[in-house]
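Heads up: the structure comes next, in structure tokens.
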Amino acid sequence: MSDAVSSSGPNPAWRGHDRGSPEYCRILVALGFVGIATFAQLYSPQGILPLVARDLQVSAAQSALLISAATIGLAVGVLPWSWLAGRIGCLPAMRLALIAAVVFGAVGVVMPEFTGILVLRVLQGLALGGVPALAIAYLHDEVRPAHTVVAAATYVSGTTVGGLVGRILAAPFAELAGWRVGVGAVVLLCAAATAGFVLIAPVPRGGGRSPQATLRWVAKAAWANLRSAGMLVLFAQAFLLMGGFVTVYNYLAFRLEQPPFELNAFAVSLLFLAYLAGTYSSRQAGGAARAFGRARVLLVSIAVMVVGVLITLFGSLVLVIVGLVVFTAGFFGAHAIASGWVGARAAVGRAQAASLYNLFYYLGSSLIGWFGGLVFAVAGWGATVGLVAGLAVLAAALAGGYALATRGSVTPGSVTRGS
């Protein structure tokens, strides 16, 4: 069975662009624009949820549905978009997805009712479902295999910039003129980033349309990946770690508005500068994986996450910031390894494998991110930290147990073999 997106292209003998070539650099820059256009839109309300809650007269957990609605839409959309990519190609599918997301985002800014905003956030998420997984598949199609682990980590580091820019840009405008103006400013930025992606991404050489990529074929490719124990472990990493990550960033703002911190929305938004730690750690994780093996780097990154979230229990703002930076660095290191590993492991249906990873990733964001709000409301920040740490420990147990059972997956050579 050939890969619906990556194996049946116009040039089956294509080996991929070398690291440092002009086309390789254009791909990474283009995917940087993708990271901004996708993740700035997806998470722009997160840093201003208290303002949203007050303006629309909803609870903290209800306001967080603005994040969960978009991410659940994204989760639902990933497999249909992988089918469409098989019909029209990854690059055209990503272009269409980003343009649609900007349109839904613009309409959502002027929608008066909370329910209508949620519906548009779901639609925006459905549109964005055509981006993260296809970006990884496109990268693996176009970059020489020896360089994909570093290239994938570089792409993930770019997504951290997108998430950071969306949150930081929205807050000052929201503080001055309301949350709608803040989110609207981000939509304009994402429109510009989408234009940049459309203009700079090089014409694909490794992947193309696949007439055999029927819905039935996509379902079979997805099922083949779901039957792989190793893939299931990676999908579990996505669900558990992303769920914990979004929980921390959703509700830390509410904690920091309370005594003894009493920060305003703009001051809270500056904490998202911790994302820069993820920009750095995701790149470093990719390089470390080449030397020490993906499994080892993944487990160390998860341990760093646990240490970081525990530090946020202290009542000192300085220590909370330190804990958030450590936690963020650990998460993006783990995510860079796990997401890149999915593409390397996929023996069939690479686009579908990457889509499934994103399905679990955003299901974790939606479901655990919402549930974390209930925990926070009922039992406070300490219980929320306990939830996040427990999820991380479970993810590490699954990854470590599988690595021990298969043994070879902890060797440095596994990075190139994709075991």
Lone qualifier among I88, I99, I48 - being at pLDDT below 90 and out of contact with any Gly (no Cβ under 9 Å at 6 or more places or on another chain) | I88
Does A137 count as at pLDDT 85 or above, part of a helix (DSSP H, G or I), crowded, with 24+ Cβ neighbours inside 10 Å and not basic (K, R)?
-> no
Restricting to the stretch 175-192, what's the tally of residues that are crowded, with 24+ Cβ neighbours inside 10 Å and in contact with a Phe, Trp or Tyr (Cβ under 8 Å, 6 or more places away or on another chain)?
-> 1
Just name the residue that is modelled with the lowest pLDDT out of those in the stretch 388-419 that are hydroxyl-bearing (S, T, Y) and outside any helix (DSSP H, G or I).
-> S419
Does I67 satisfy the condition of being touching a residue at least 12 places away in the same chain (Cβ under 8 Å) and under 15 Å from the mean Cα position of the chain (by Cα)?
-> yes
Output the number of the condition that D18 fails; it satisfies all remaining conditions of (1) in contact with a Phe, Trp or Tyr (Cβ under 7 Å, 6 or more places away or on another chain); (2) at pLDDT 85 or above; (3) over 30 Å from A377 (Cα atoms).
-> (2)
Quick one: V78 ticks every box in (1) more than 16 Å from L189 (Cβ to Cβ); (2) at pLDDT 85 or above; (3) buried (at least 24 other Cβ atoms within 10 Å of the Cβ) bar one, so which box is it?
-> (2)
Take V248 and decide whether it is buried (at least 22 other Cβ atoms within 10 Å of the Cβ), at pLDDT 85 or above and in contact with a Phe, Trp or Tyr (Cβ under 8 Å, 6 or more places away or on another chain).
-> yes
Scanning the stretch 328-356 residue by residue, those in contact with a Gly (Cβ under 7 Å, 6 or more places away or on another chain) and either aromatic (F, W, Y) or at pLDDT 85 or above (or both) turn out to be T328, A329, G330, F331, F332, A336
Could you check how many residues of the stretch 227-265 are part of a helix (DSSP H, G or I), closer than 17 Å to S63 by Cβ and either polar (S, T, N, Q) or without any contact (Cβ under 8 Å) to a residue 40 or more places away in the chain (or both)?
-> 2
Output yes when any residue across the stretch 372-385 is closer than 24 Å to A289 by Cβ and either at pLDDT 95 or above or under 21 Å from the mean Cα position of the chain (by Cα) (or both), and no when none is.
-> no
Of all residues in the stretch 291-349 being within 19 Å of Y362 (Cα to Cα) and hydroxyl-bearing (S, T, Y), which is surrounded by the most Cβ atoms within 10 Å (Cβ to Cβ)?
-> T328
For the stretch 319-346, what are the residues that are of a type in the set (F, W, Y), within 15 Å of the chain's Cα centre (by Cα) and closer than 14 Å to V388 by Cβ?
-> F331
Hey, can you tell me all the residues within the stretch 123-134 that are buried (at least 24 other Cβ atoms within 10 Å of the Cβ) and either free of Cβ contacts under 8 Å to residues at least 24 places away in the same chain or part of a helix (DSSP H, G or I) (or both)?
-> Q124, G125, A127, L128, P132, A133, L134
Examine the stretch 155-166 for a residue that is surrounded by fewer than 19 Cβ atoms within 10 Å (Cβ to Cβ), at pLDDT below 85 and either touching a Cys at 6+ places or on another chain (Cβ under 7 Å) or part of a helix (DSSP H, G or I) (or both), and state whether such a residue exists.
-> yes
Taking the stated definitions as given, is A60 free of Cβ contacts under 8 Å to residues at least 40 places away in the same chain and more than 21 Å from the chain's Cα centre (by Cα)?
-> no
Considering each of G184, G207 in turn, give the residue that is modelled with pLDDT under 85 and not polar (S, T, N, Q).
-> G207
Filter the stretch 70-102 for residues that are part of a helix (DSSP H, G or I) and over 21 Å from the mean Cα position of the chain (by Cα); which is farthest from L273 (Cα to Cα)?
-> R87
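The values are calculated or read from the model by the stated rules, or taken from the named source; none is laboratory data. Just so you know, these numbers come straight off a predicted model, no measurement behind them. Virtual Cβ from ideal backbone geometry, glycine too; neighbours counted across all protein chains shown.
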